[in-house]
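Report on the structure given below.
Bear in mind that the values in this text are calculations on the coordinates, not laboratory data. Just so it is clear, the model here is predicted, and its values are computed rather than measured. Glycine gets a Cβ as well: all are built from the backbone with ideal geometry, and neighbour counts include every protein chain shown.
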Amino acid sequence: MRILFALNAFRPLIDGVGISIERQANALADRGHQIAILAPATRFANTVDRFPNYRLYRFRAIPLPNRRQRMPLLPGPGVTRALDDFRPDVVVVNQPFLLSRATWHAARIRGIPLVGIISMMPEWFYYNVPTLRPLSSMIDLGVWRMMAGYYNGCDRVVAVTPTALESLTRHGLRAANTVISNGVPLDRFRPRPRDRQLAAQLGIPEKPTVLYAGRLDAEKCMQVWLRAIPHVRDKIDAHFVVGGEGSEREFLERLAGELGVVDAVSFVGFQPDSTYPRLFSLGDVFAITSPAELQSVVTLEAIASGLPVVAWRAGALPELVQDGVNGRLVARDDPAALASALVEVLTDSQRRQAMGEASRRLAAFHDFGKSVNQYEAVYRAVVESAQPSVVPAWA
């Protein structure tokens, strides 16, 4: 098959959607499929690059204020040329904005089978645009309904978790659908002994360690994560490691200074593929404070690495964190509650080990190879049953 993916963000910007799609694209290419990816350019120019496993079409884009993302400028004509050049058998889209929406529209016009992957929650808007926070309930309803209309224009919809599917179905999704986990490569992310070489390289001391790895953007609520540190340090001499980059990194580093915990936190930045899986060996527990996860690729990586997880009881995180089994779930926006759970896990080595083993067992249900098999079957099914489609009036 010739499979084309449309993304609103891609390398060098690292996020869960881009990571999961790139992994899937590489795996499908290894199985003999032809792959193309559409993404915003890193500059104001249209380009086409050929990589070993896929063709990458980039579209001229401008930077967003105070964000690392870039916004494609009038991508429609470029998308049309890319579709005509690559001639996909099936098109895969995610978020209903910008490049993905332009690709959705072009595919509909051409009658190309279309698969939509649910990959966002409305919280993104009012966490990244604080002035919208008072309108959160209205935004939630409006965005979910808009997404339902967008995905109803697809031949098949994939939700990465039952939580994602239930949310969209409740707001009007009628298209044929299925649930397929993003999956996690269990060979790359696995329990490892502490990587002392990497610890020395990053300056991580030999102490009980709390780890986070991922984007440092507003919707991750890392300020709450940091505010838990003094509460933990009142009970135990722990260290905290923050991996990743994002629009809030400088703010978070300043906040660490204001909280007086600079010596207790290591901001280690983005880690390349060669060292990233090893980063999880440095943590005794993984902690995530994001309310807007439809699955969380990084939490999948943490449980596959055999770490207990302390997470907010929000979004789809309770599907990956079973309270008291492989970690703890705590109320959102409560640094003291987060700290209490972290101390509980860090101070009980026997229970921590049992939680880590439970995490690895849970991760086995999200084996990446199984996910690729399921995605491949979906794409083949929509191609084989393809019929000319009608563009909905709202498009």
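The figures follow:
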read-out	value
Farthest toward positive dipole pole in the chain [+1 Lys/Arg, -1 Asp/Glu at C-beta], among VAL268, MET121, PRO63	PRO63
Proxy reagent accessibility, fewest Cβ within 10 Å first, across PHE86, PHE270, PHE368	PHE270, PHE86, PHE368
Alpha carbon centroid spacing (whole Å) that separates the stretch 106-123 from the stretch 77-99	10 Å
Most to least packed among 333-344, 285-296, 245-256, 5-16 [average Cβ atoms within 10 Å]	285-296, 5-16, 333-344, 245-256
Difference of contour (0.36 nm per residue) and Cα-Cα distance, ARG174 to VAL325	50.8 nm
Other-chain or far-sequence residues with amide H under 5 Å of ARG55's (modelled H)	ILE35, ALA36, ILE37
Ranked MET146, MET222, criterion: other C-beta atoms within 10 Å, fewest first	MET146, MET222
